[in-house]
Every structure is written in C-alpha cells, then in structure tokens.
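K.L.:
This is the structure I have questions about; it appears just below.
The values are calculated or read from the model by the stated rules, or taken from the named source; none is laboratory data. Here the structure is a predicted model, which is why all the values come from computation and not from measurement. Cβ placement follows ideal geometry from the backbone for every residue including glycine, while neighbour counts extend to all protein chains displayed. Heavy atoms of the whole protein, side chains included, go into the accessibility calculation; ligands, DNA and RNA do not. Shrake-Rupley method; radii C 1.70, N 1.55, O 1.52, S 1.80 Å.
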Amino acid sequence: MIYVICGPTGSGKTQASLQLATFLHAPIINADAFQIYRDMNIGTAKISSQNPAYSNHYLLDIISPDQSFSVKEYQQLFRQTIDSLTKKYPDIIVVGGTGLYIRASLYDYMFEEREPDDTSDLDNLSNQELWDLLKSLDEKSLLSLHPNNRKRVIRAISIARTHLQNKSENIQRQEHKIIYPNVSIYFINPPREKLYDNINKRVDEMFNLGLVKEVNDLLIKYHLSLTASQAIGYKEVIDYLSHKMSLNECQELIKQRTRNYAKRQVTFFKHQFNSQEFISGDELVKVIMEDGK
RNA sequence: GGUCUGGUAGCUCAGGCAGUAGAGCAGGAGACUGAAAAUCUCCGUGUCGGGAGUGCAAAUCUCUCCUAGACCA
C-alpha cells in the first residue's frame, strides 16, 4: 500500500508522516522539490539529520544545490525507489508538497530523453509570435495553454521541434491512470486562517534557527543552480545579504510568498487528485490508525 | 497660535477643467505533463474624513469642523 500525504506547506505533513511511519513500520519517500537538495535544511523545513527517523527517508539530500533538477529526474528516481522498497516493505509513505512531482510519478506521465535544445532564439519573440509558431507545430497544445504563459509556450515549441512526438501527442498517448496498485492519497487542508498563522510562525522560527547563516554558508559553498535559487526563503535572504532590503522586509516578504504559494498548492491538490481530505495531520493519523486495526 | 500639504477599496496611492471612481499590492477563485517553492488566468460599490453652501448635478468649487504631517512662531 502506498500512502501519499500531500498538502500545503505548514499543514503538518512531516509530523503526520513520522507518526504514520512508526505505526506502519514504513519508509518515507520525500516528494518535495527543494528538500531534494543537500545543505538546504532550515528554509525547506527538512527533518533534522540528527533525528533517528532521518535514515528512514528516501529522496532527501540527494542533489547538490549547484545542480539543476526537474520532474523527469524526480519521476525516474521515485520509480526506482518504489521498485526497490516494495521488495522489503508492504507499506510505503510518500510525503510532500510538490504536486507535479507526485502526479508525474504516480500517473503514466512520459518524458522522452531530452535532446539538447537552445531556446534562446525564442527569447526575443513576442507572445503572439510564439503563439503563432506553436500553432504551426502543435496546434492542439494551444488548448491547454495561455498566450501569456511564455515559459510553457516555449517549452511546447521546444518539445515539438526536438522530440518525435509533440506535447499534445505525448499526452494523448497516455492513459491518465495511476500506475501503482493500492495507492491512497490523503490531503491535509487546514482552515486558511490557521494555515497562514502556522506559516507566519514557522518563518519566524526559521530565522531563530539560523536561516541567514545557512544561506550565507550556502553561497560560500555553491553557485546555486537555476532551480535551487528559486527556493522561497533563500532568494529573499540572498537579497537581504546584498542589502537590497531590511531584515524585517525580508521576513515579511518570505511570509507573504509562502502564503501565496500555499494557496496555489491547495488549488492543485484540490483539483488534480482524488484524495481524502483532512483538516489536520492529527485527524489523518487518527483515521488511518483506526482503519489499520 | 499661523501657513502649507494630505485625509479616496484591507494597504500604498491615481484621478478631480463638476456628470456618483481606478491601479498596484494584499485577499479570493482557477489553470497546471521536462524551472512547479516555478509560470500563468480571472475577480475591485468604496458613507471619495464629517457637516453646510452654490449648481440640474459635487469625490471634484466655496465655507466650516475634525484629523495626520511638515514648516513658521
């Protein structure tokens, strides 16, 4: 049985996963795009390596912050990990807040081997020009895109010109089903006010634990990759360290962006998965334990 | 005490040659198949500080009061 625990940041996923892991004697697979990175601990609210449960975790601290990372790689690692763990454990727990990673891993998303494609020739085109270009290469993909979403439009163009199948063909080829048997998805969705309150407190806590020092050390040790440098809590502290804002402004900005992010997560989980919804991690744990008896 | 400048959406402010208002942010709703802690879409009625006056008509002009700030005494 695969137990997937998802929810916005600050909803109590980690705590719930630890309790469940003890109860089920199950390993935990991380499904968080930034806990993947080594040396990014405080800002990603990662479980401490001092915690005895740490060794029970997979896909945690596996990438260096100077490396880029993407769904395709995550999907690959996830499937390998599941394959090897199912040989030893009847139950596996998956926890994380990165909806796309979870979806791409659970469902039959297919990513071809990537051909090197330099898209810099597209940078100077207007949204309309990009839209027209994509229309000539993969008209169907237009249906699921918006002309202003340049990043996605460029991606679709790139797929069409370097892959055997364009994006819409690739998606059409899929069955849109979960490829593993016995998957249960649990969604922790606390009341908005409670969630935002947790987030605010958690950000303050991160600073008390030494977030500024962590970021400083990180900058000395690595040249952050494009993906790693997008982490909320890190990019803002970097701006603070280069005197672009005050400490207080930095803290407030992190809270703000984390709240905005949490809201987007809720939207994703609410609509992209068939899940059982819970108001808190405790509720979730209680229900699973009762079912397990 | 005097002079001046403000008081407009939760916040910061536009507008204001009179015809009952609009942006950004916040907030809400949503999309999502190789950057996803990313990227993108949609949603703005609020005693225009209170009162009075002049107008067919005032947030917009006049007077007065309240209030914030700056400057002068």
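K.L.:
Please work out if A:Pro52 is in contact with a Phe, Trp or Tyr (Cβ under 7 Å, 6 or more places away or on another chain) and more than 10 Å from RNA strand B (Cβ to nearest atom).
P.N.:
Details: in contact with a Phe, Trp or Tyr (Cβ under 7 Å, 6 or more places away or on another chain): no; more than 10 Å from RNA strand B (Cβ to nearest atom): yes.
Spelling it out, it is not the case that A:Pro52 is in contact with a Phe, Trp or Tyr (Cβ under 7 Å, 6 or more places away or on another chain) and more than 10 Å from RNA strand B (Cβ to nearest atom).
K.L.:
Within segment A:189-209, is even one residue more than 15 Å from RNA strand B (Cβ to nearest atom) and not in a helix (DSSP H, G or I)?
P.N.:
no
K.L.:
Another question, then. Of all the residues that make up segment A:210-237, how many are farther than 18 Å from A:Gln67 by Cα and exposed (fewer than 13 other Cβ atoms within 10 Å of the Cβ)?
P.N.:
1
K.L.:
Quick one: in segment A:75-96, of everything that is part of a helix (DSSP H, G or I) and of a type in the set (D, E, K, R), which residue is surrounded by the most Cβ atoms within 10 Å (Cβ to Cβ)?
P.N.:
Of everything passing the filter in segment A:75-96, A:Arg79 is surrounded by the most Cβ atoms within 10 Å (Cβ to Cβ).
K.L.:
Listed residues A:Leu224, A:Leu218; which is within 25 Å of A:Ile63 (Cα to Cα), away from RNA strand B (no atom under 11 Å from the Cβ), in a loop (DSSP other than H, G, I, E, B) and not acidic (Asp, Glu)?
P.N.:
A:Leu224
K.L.:
Six or more apart or on different chains, Cβ atoms under 6 Å: show the pairs whose first residue is in segment A:57-84 and under 21 Å from A:Asp39 (Cβ atoms) and whose second is aromatic (Phe, Trp, Tyr) and within 8 Å of RNA strand B (Cβ to nearest atom).
P.N.:
Final answer for the pair search is A:Ile63/A:Phe69; A:Tyr74/A:Tyr101.
K.L.:
Quick one: in segment A:238-262, which of the residues that are surrounded by fewer than 14 Cβ atoms within 10 Å (Cβ to Cβ) and small (Gly, Ala, Ser) is modelled with the highest pLDDT?
P.N.:
Among them, the one singled out is A:Ser242.
K.L.:
Another question about this same structure. Between residues in segment A:155-173 that are assigned to a loop (DSSP other than H, G, I, E, B) and residues that are more than 10 Å from RNA strand B (Cβ to nearest atom) and open to solvent by 30 Å² or more (accessible area, probe 1.4 Å), which pairs lie under 6 Å by C-beta distance while being six or more apart or on different chains?
P.N.:
If the second residue must be more than 10 Å from RNA strand B (Cβ to nearest atom) and open to solvent by 30 Å² or more (accessible area, probe 1.4 Å), no pairs are left.
K.L.:
Name the one entry in A:Lys72, A:Lys140 that is within 13 Å of RNA strand B (Cβ to nearest atom), more than 30 Å from A:Lys221 (Cβ to Cβ), of a type in the set (Lys, Arg) and in a helix (DSSP H, G or I).
P.N.:
Testing whether each residue is within 13 Å of RNA strand B (Cβ to nearest atom), more than 30 Å from A:Lys221 (Cβ to Cβ), of a type in the set (Lys, Arg) and in a helix (DSSP H, G or I) leaves just A:Lys140.
K.L.:
Oh, and also: Cβ-Cβ below 8 Å, separation at least six or inter-chain, first residue in segment A:174-200 and open to solvent by 70 Å² or more (accessible area, probe 1.4 Å), second of a type in the set (Phe, Trp, Tyr): which pairs?
P.N.:
Partner pairs satisfying both residue conditions: A:His176/A:Tyr107; A:Lys177/A:Tyr107; A:Ile179/A:Tyr107.
K.L.:
Conditions first: (1) in contact with a helix residue (DSSP H, G or I) (Cβ under 9 Å, 6 or more places away or on another chain); (2) within 25 Å of A:Gln15 (Cβ to Cβ). A:Lys286 passes all but one, so which condition is the exception?
P.N.:
Looking at each condition in turn, A:Lys286 falls short on (1).
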